[in-house]
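Coordinate-derived values only; no laboratory data. Not measured: the values here are computed from a predicted model. Because the Cβ atoms are built from the backbone with ideal geometry, glycine has one as well, and the counts that use them run over all protein chains shown.
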Amino acid sequence: MDWQLNTVSIYLLFLAQTLFAVSTLIVEYPARVKAYSKHLWLYLLFFTIGELFSFRWASVVLSLICFIALREYFSLIAIRTGDRLAILGGFLSIPLMMATLLMHNHHIFIAAIPLYVFFFIPFLVAIGGDESVGTVFSIGVIGVGIFLFVFGNGLLGFLTLCTPWLGIIVVINVSLSDAIAFCLYSTRKPLFQGNLLQYLAAIPVTVASSILVSEWTFLALHVSIIIGTIIPLLVAASRLIMFHIESDLGIAQNYNSLRRGRLINSSSSLVLVTPIVFFALNYLT
Amino acid sequence: MVTLFSIRIMLHLLIIRPLVSIFFGVNAIGVDHLSRVDQFIMISNHNSHIDTLLLFHILSPVKIAKTRVVAAADYFVKHPWLYRLVTYLFDPIWIDRNRKSCSVFTEMVAHLKNNGSIIMYPEGTRGTSAEIQKFKEGIGLLIHKYSRIPVVPVYLEGPERSLPKNCCIPLPLVNFITVSPPQKFSGDKTEIAHHLFYYLQKRAKEERQFRQRRKNNGETPWCVAVIGIDGSGKSTLAKNLAIRFPDNCCFIGDSLEFYDRGVQQVSQPYITNELRRWIGRKAKTAEKLSSYKFPKITELFLRDHLLREVDRWYRPNIIFQDGSPLLNLVAWANLYSQTKLDTDQMTNAIELLQGCKSPSALDHIVKRFPELRVICSLNLNQLRLPDEVIFLDVPPEVCVFRISSRGAHIQPHENITHLTQLRGAYQLVCESLQSTPCNVTIFDGDNNSHKTAEQTIKYLQSRLERTHAQN
């Protein structure tokens, strides 16, 4: 076992999150906090397993996260009987993600997932049923699911492959932005006017955290500052996107009563932010 | 004394439960209601084979040992290994839906007297969609007799998407179980069954209001089939109707034609149509009745497939068919059969070919027509019943005269004896259609073809107006 400070910090983060997740079982927290803490625990488990054992095992955890999120997403969308084959194909994109992660080849991954959604999914939709009405909707809705939960999580895996703290800092900064926005949340203000300020308020914290771990992320100071600045802004935009997606899927209306769509709600900022951060880092470093 | 550490319960707790949780995902609400009762009659909506797995998932080990589910033996006996597995895991009270017997009720009563609990699906069979079907009165009778035992209504949502009827590959999708508080009922069996039905239907409505919805697919074309014996002029009438009806129409007969208010439209060539026409020509040139059968049946199935293709790609408002594959098959079955089918048997055969009834439920008909078993096993029993049937009734003598005056090849059945039998068979088909949503009208086909077409158009227009008014 590696006892260097950066590795021990991952274990400590995981331990702290585990304690918090356990406390949510005892103490009464809002439903969103409970769900968010579970989701964060899963991602920290992914990093911890990667450090404790190997990336191979960590990729299994990441695949499990993708599976649970996709399962939840596909449960909420309106599917036709003819889309069943394409949905099965949607789940099969997870082994594809895992294979490219294990090959350490993000070039294939970045090309394969869009091609998968562009050609393979429409093909399965076409051969799956004898009804043409709703084909475009089906292709779109399945494609969105794959892009959100497989593409987003896969790129987080590739960030972790570079150095674990690169993945962790994205997860931590997104969580900090969400947490600060949640604490400053006011029901009186419309989403993108007053609430943008809540996310802007997170910028000093996320910049500070990025600079703090820059020694472990191997990012230059200016890159750390840029990453710390853009993440809260991207989280704000992601929340706006997901607000509309969740309204359509029926998550927003009955979040507390029927306990559905919680993983989607919790992980939406992360899966939408990660691809942008990945490409920003590719360009900046 | 309940044995908690049996292999059966261990299998439930250590294998089935984790597998169901990981693969399907179970989101249960109100499970604590079950802890308040020792004995119960659990009723639930039924859409999938997963339902029983989910209901056992929420039971405690003690309750697993004491609970039995009422299951359809006639379905499971077809797969002996599955039957044995289900018998071992769930210890069901087997019910044979084809036989009316009191033994099942006696077994249920005996189990309840023994402090056992029962899981029942009052719909009787799996539904085809998330809609709840009418409840059987048996549930009312059992609850009425044991009104002291609490009834636990459970609403399942998700299994109809994970593993719906007629699908064999399950999809990993989340399932939701809503357990309602235990209730006790008084009143007669019909009232109890109605109350439970409306209770579960209310749950279903509440759930559905949050669901994502798709745009309505639009209306399916109105399908009008002109039936009659050979030489009755059904093909001419169907084509005339397609040309003269002031709407976007399609004619499916020897050819496939599209008309928009009388103007013929250009259509793509269909491989199915070309293949059907080629097989149709083979059937027409057959020398014997026995060699006519196979190509004719194939042609009829291709014709039905063409109907779906037209519906899918062109979506005309009205489809006029020369004959109806479903009704032709049933009428021809009577021509080939030594012992004739009666009206009820014909209705059953129509439902079987539509896929509304399973072959195991209609064993007496399937035994007489082995072709039906082949059709069902190939999953071809999805034929469409027309919305409107026009039967052109013409005496066989007139038909034989018309056929011989055409100067074309005379088919083996185109003689007075066979056409008389076929006419009788079509009359029976029309009678048996009275119990279906299809509307049948008999026209005298002995008239001038233009006059018949005019009469039919007037009639169909009034029917169409009435249908629109009803909608």
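Estimated purely from DSSP H runs of n ≥ 4, each contributing -39500 (n - 2.57), the mean residue ellipticity at 222 nm for chain A is -25500 deg cm²/dmol once divided by its residues. If you plug the beta carbon distance of B:Asn248 and A:Ala179 into 1/(1 + (r/R0)^6) with R0 = 41 Å, you get a FRET efficiency near 0.10. Maximal additional length on extending the B:Thr417-B:Leu335 stretch stands at 28.5 nm, based on 0.36 nm per residue less the C-alpha distance. Between A:Leu92 and B:Gln265, what FRET efficiency follows from the Cβ-Cβ distance if R0 is 41 Å, with the result rounded to 0.05? Once rounded, the FRET efficiency stands at 0.50.
Antiparallel as a % of all DSSP beta bridges within chain B, to the nearest 5? Show your work: numbers first, answer last.
Numbers: 13 of 49 bridges.
Of the beta bridges lying entirely in chain B, close to 25 percent run antiparallel.
Taking a ≥ b ≥ c as the square roots of the eigenvalues of the alpha-carbon gyration tensor, the range B:7-208 is classed rounded because a/c is under 1.5. Mind checking the full-extension length gain between B:His409 and B:Lys184? Use 0.36 nm per residue of separation minus the Cα-Cα distance, one decimal, nm. Full extension of this stretch gives 73.7 nm more. Its DSSP H runs of at least 4 residues, each contributing -39,500 (n - 2.57), put the calculated 222 nm mean residue ellipticity of chain B at -14500 deg cm²/dmol, to the nearest 500.
A simple spin-label model places pseudo-atoms 7 Å from Cα toward Cβ; at B:Arg208 and B:Lys165 they are separated by 1.6 nm. When you restrict to C-alpha pairs under 8 Å that are six or more residues apart and normalise by the size of the range A:15-133, the relative contact order lands at 22 percent.
Normalised by the number of residues in the range A:70-161, the average gap of Cα pairs under 8 Å and 6 or more apart makes the relative contact order 44 percent.
Within a straight-line Cα-Cα reach of under 19 Å, B:Lys136 can be paired with the following aspartates and glutamates, leaving aside sequence neighbours fewer than 8 residues apart in one chain: B:Asp51, B:Asp74, B:Asp96, B:Glu107, B:Glu123, B:Asp188, B:Glu191. Taken as Cα centroids, the range B:35-89 and the range A:89-118 sit 40 Å apart, rounded to the nearest whole angstrom.
When only Cα pairs under 8 Å and 6 or more residues apart are kept, what is the percent relative contact order across chain B?
Values: 716 pairs, mean separation 68.9, N = 471.
Relative contact order for chain B comes out at 15 percent.
The simple Förster model, with R0 at 56 Å and r as the Cβ-Cβ distance, assigns B:Phe23 and B:Lys458 a FRET efficiency of 0.45.
Within the protein assembly as shown, antiparallel bridges make up roughly 25 percent of the DSSP beta bridges whose residues both belong there. Here's the list of lysines a cross-link from B:Lys134 could span, going by alpha-carbon distance under 24 Å and ignoring same-chain residues fewer than 8 apart: B:Lys100, B:Lys145, B:Lys165, B:Lys184, B:Lys189, B:Lys202, B:Lys205, B:Lys357.
Note the full-extension length gain between B:Ile7 and B:Lys136 as 0.36 nm times their separation in residues minus their Cα-Cα distance, in nm to one decimal. Intermediate values should be presented prior to the final figure.
Values: separation 129, 0.36 × 129 = 46.44 nm, distance 3.46 nm.
Taking 0.36 nm per residue and subtracting the Cα distance, the gain is 43.0 nm.
Listed by chain and number, the lysines whose C-alpha is less than 30 Å from the C-alpha of B:Lys458, apart from same-chain residues fewer than 8 away, are B:Lys234, B:Lys239.
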